[in-house]
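The values are calculated or read from the model by the stated rules, or taken from the named source; none is laboratory data. All values derive from a computational prediction rather than experimental measurement. Here the Cβ positions follow ideal geometry from the backbone for every residue, glycine too, while neighbour counts run over all protein chains shown. Calculation scope for accessible area: heavy atoms of the full protein, side chains included, ligands and nucleic acids excluded. Shrake-Rupley method; radii C 1.70, N 1.55, O 1.52, S 1.80 Å.
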Amino acid sequence: MNTRLNRNKWEPYLWLLPSMLLIAVFVVFPILIVFKLSFSYISQGGVIGGFIGFQNYVDAVKLPAFKTVMLNTMWWVISVVGLSTLLGFIIAMVLNQKFRGRKIARSILVFPWATSLVIQASVWNYIIKYEYGNLNNVLLNLGIIQQAINWRSSYQIEFIWECAVGIFVTVPFVTFCVLSGLQSIDGSLYEAATMDGAGFWGKLRHVTLPMVRPSLTVSTVLNIIYVFNSFPIVYTMTKGAPAHKTDTMITYLYMLSFYERKKGPATALSVIGFLILCVCAGVYMIGVMRKEDEQ
Amino acid sequence: MKKFLALLLALVMVVSLGSFGTVAYADDEITLDVIICQYGPNTNEWFLGKGMDGSNFVEKFEAANPGIKLNLDVVSWNDVYTEVDTRIANNNAPDILNIDVFANYANEGLLLPVKDYCPDDLFADFFPSFIDQSIIDDTCWAVPDLASARALFYNVDILNEVGVEVPTTWAELQDVSQAIIDYYDGEIYPWGIDMTTDEGQAAFAYYTWGNGGGFVDANGDWAVNSPENVEAINFAISLVNDGYTNPNPATQTRYDLQDMFAAGKLAMVIAPNQLPTYVADKGGEINMATAGIPANEGKTGSSVGVMDRVMAFKDESAPDQEARNEAIGKFLEFFYRPENYVGWVSMEGFLPAVNSAVEALVEADPSFGAWLDVLGSCQFYPAAKAEWAQVRQGVTTVEQEALIGGDIQAGLDALQAEVAG
């Protein structure tokens with residue numbers, strides 16, 4: 001009996017061991033290495049030197065593009081996560097209704113999510129191309145426009161396109177998270193709300209939103225992390241051009257490391273990004289959990 | 001039983017975590033890690049597939065050199081810097097590397113001098129002007145593997161239709177561009193400009209070299225903020241602002257421009273010698289000709305040469321350094337043999353780096369002769385200077401800033417201060 005109890009104690013850890021080892025080797029260890037590297041001198045060729053304190057961090061913050069890139073990253077995360085959450089929620093509400101072709105609509109929604117981001121970004125590049133882009137071709141053929149439009153006429157517009165593609169590929173994930181939450185809501189709750197005289201907005205506020213909050217929390221936290229760390233869309237569409245005006249932190253630190261060969265500041269930036277992400281995701285999680293506890 | 005099997009599986013996973021990455025080699029065999037850059041769709045086939053008379057370079061080399069194995073990777077240009085830097089950081093640099101830059105590696109003591117492994121006969125076969133581009137402090141650190149030369153390509157039909165001659169000066173370029181705009185009502189771009197992250201340094205070279213400026217001064221010291229350079233970049237930006245060029249030079253790459261040229265949408269573009277092959281592959285039938293890159297009035301234009309290199313890294317852990325150097329030499333000797341090298345160079349339409357290949361290449365394609373003459377008068381990027389990577393990226397950033405109204409003089413001054421100290 002004792003042996004059995006002991007075995008029950010350590011057996012779960014044994015099952016967890018392979019995953020824990022994988023996480024330790026492929027997640028924790030690299031993070032620790034990056035922290036160590038951020039305090040080390042790294043040559044242009046990639047040779048790692050000695051400890052130099054916070055010099056890499058000072059150099060990173062002094063970079064001319066640092067402020068632009070930080071602001072871009074903030075707008076990138078807020079717009080992509082915020083708007084894709086809003087749109088995903090609305091689409092999930094629609095897809096939760098019973099209508100003909102609902103299954104097909106749900107399947108189509110998976111496509112943007114299931115396609116690689118590089119392909120998505122490349123396809124959008126072709127769509128909005130000035131010279132032979134599909135968008136101009138369609139609009140010209142329909143007679144809606146008489147002359148091709150330069151859809152990428154300024155870097156601000158280029159950045160908006162990047163955000164739009166980011167939203168396009170993120171919406172399906174939010175939709176499916178919310179949809180799973182919506183489907184778990186007991187119909188009797190809506191019936192009770194109707195009996196109490198609640199209209200559409202009342203039911204949305206007092207039944208739907210509280211019930212899907214756990215799903216929304218998961219999708220928002222994961223999206224903050226994914227979108228912040230997203231590399232392919234920005235890199236494929238503009239490579240941060242012109243002059244880092246459309247870079248986010250992740251693409252910028254890549255350019256810094258492998259194009260400008262300033263590997264020290266690039267490593268420091270990646271640590272800064274990691275810490276920002278931890279704080280943002282942590283604050284959001286704590287806030288949501290506290291609200292749930294209060295309720 | 002199920003639990004036992006599951007436990008066994010877990011143990012296998014754990015053990016496998018610690019055991020991958022260890023590869024055993026026979027004692028009497030030397031294995032060279034080689035990284036080759038992917039120049040086009042045929043590179044992989046030629047080195048590893050069936051693109052070399054039904055066989056490939058690795059198979060043929062190993063058959064001809066028993067006791068030497070090649071662990072050869074073909075890596076795309078997009079990934080090669082990441083791959084090499086990561087390997088260096090992990091003390092796992094390749095034995096042989098094909099890439100464009102070398103100065104950082106040489107200055108950090110990572111490379112072997114060429115004389116340590118390259119046979120004398122082969123070294124004497126390289127074009128001396130190419131070898132000069134890889135010398136730092138009287139030591140040659142890399143050998144050229146191929147080159148390309150850039151010149152002005154123009155659509156003969158468009159220029160004839162408009163009734164203008166190909167421009168040779170900046171003023172003529174502006175006049176011809178305006179004439180094309182007027183004639184085609186803006187439907188055809190007169191002039192192609194690529195100031196993207198990958199090619200901004202080329203744009204800098206085209207205009208500054210055509211104005212008596214450049215990356216370095218007569219002593220070879222950095223001089224990126226010279227008045228000639230500022231004037232040249234101002235001129236290039238004015239072409240964009242006057243509507244003579246493709247509309248988005250910061251994001252429209254050389255390949256976008258070549259596509260436009262192949263489609264007859266662009267009248268003139270500075271491009272490498274492979275452009276006719278590229279246009280033909282795209283199904284374009286453009287009546288094209290080449291000319292010198294226009295220069296400012298009273299200045300001489302210069303062709304731009306681009307060269308890639310092969311270099312060997314040190315490996316202190318190799319048990320027999322002499323045998324390793326000899327194996328690297330054999331690799332080079334086999335690669336540059338005319339029967340191999342001619343196929344390699346002509347496959348992607350590049351220009352050769354050794355004299356022994358010239359005759360066979362000119363025989364196969366007489367147009368090579370003219371390009372070899374151009375190559376002889378080319379200027380190359382100052383890639384032997386340690387700060388080249390920063391300068392390359394820095395001038396591109398200044399150009400891109402200028403495209404959105406930035407101050408060219410201030411940008412170049414800041415870059416000069418950063419690289420020249």
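Of all residues in the stretch B:85-118, those that are small (G, A, S) and within 25 Å of B:K69 (Cα to Cα) total 2. Residues of the stretch B:137-151 that are in a strand (DSSP E or B) and either modelled with pLDDT of 95 or more or of a type in the set (D, E, K, R) (or both): B:T139, B:C140, B:V143, B:P144, B:D145, B:R150. Looking at the stretch B:272-287, is at least one residue away from every other protein chain (no Cβ under 14 Å), assigned to a helix (DSSP H, G or I), of a type in the set (S, T, N, Q) and surrounded by fewer than 17 Cβ atoms within 10 Å (Cβ to Cβ)? Yes.
If the condition is being assigned to a helix (DSSP H, G or I) and more than 9 Å from every other protein chain (Cβ to nearest Cβ), then the stretch B:383-401 contributes B:W388, B:V391, B:V395. Number of residues in the stretch B:195-241 that are within 19 Å of the chain's Cα centre (by Cα) and more than 21 Å from A:A243 (Cβ to Cβ) equals 2. Only one of the numbered conditions (1) over 16 Å from A:G82 (Cβ atoms); (2) free of Cβ contacts under 8 Å to residues at least 60 places away in the same chain is violated by A:T236, and that is (2).
Which one is surrounded by the fewest Cβ atoms within 10 Å (Cβ to Cβ) among residues in the stretch B:77-121 that are more than 10 Å from chain A (Cβ to nearest Cβ) and farther than 24 Å from B:Q38 by Cα? For the stretch B:77-121, the residue satisfying everything is B:D120. Applying the condition of being within 10 Å of chain B (Cβ to nearest Cβ) and either crowded, with 24+ Cβ neighbours inside 10 Å or in a loop (DSSP other than H, G, I, E, B) (or both) to the stretch A:248-259 and asking which residue is nearest to the chain's Cα centre (by Cα) yields A:L256. Considering A:K262, A:K203, A:K291, the condition of being of a type in the set (D, E, K, R), within 12 Å of chain B (Cβ to nearest Cβ) and open to solvent by 20 Å² or more (accessible area, probe 1.4 Å) is satisfied by A:K262 alone. Checking the structure you have, find out if any residue of the stretch A:265-281 is surrounded by 24 or more Cβ atoms within 10 Å (Cβ to Cβ), within 14 Å of chain B (Cβ to nearest Cβ), touching a residue at least 12 places away in the same chain (Cβ under 8 Å) and not in a helix (DSSP H, G or I). Within the stretch A:265-281, none of the residues are surrounded by 24 or more Cβ atoms within 10 Å (Cβ to Cβ), within 14 Å of chain B (Cβ to nearest Cβ), touching a residue at least 12 places away in the same chain (Cβ under 8 Å) and not in a helix (DSSP H, G or I). For the stretch B:337-382, a residue qualifies if it is closer than 18 Å to B:A151 by Cα and not in a helix (DSSP H, G or I), and the qualifying residues are B:E348, B:G349, B:F350, B:L351, B:P352, B:P366, B:S377, B:C378, B:Q379, B:F380, B:Y381. Just wondering, is there one or more residues in the stretch A:51-63 that are surrounded by fewer than 16 Cβ atoms within 10 Å (Cβ to Cβ), on the phi < 0 side of the Ramachandran plot and touching a Pro at 6+ places or on another chain (Cβ under 6 Å)? No: zero hits. Taking the listed residues A:G143, A:G166, A:G133, A:G181, the one that is on the phi > 0 side of the Ramachandran plot, of a type in the set (G, A, S) and open to solvent by less than 60 Å² (accessible area, probe 1.4 Å) is A:G143, with no other qualifying.
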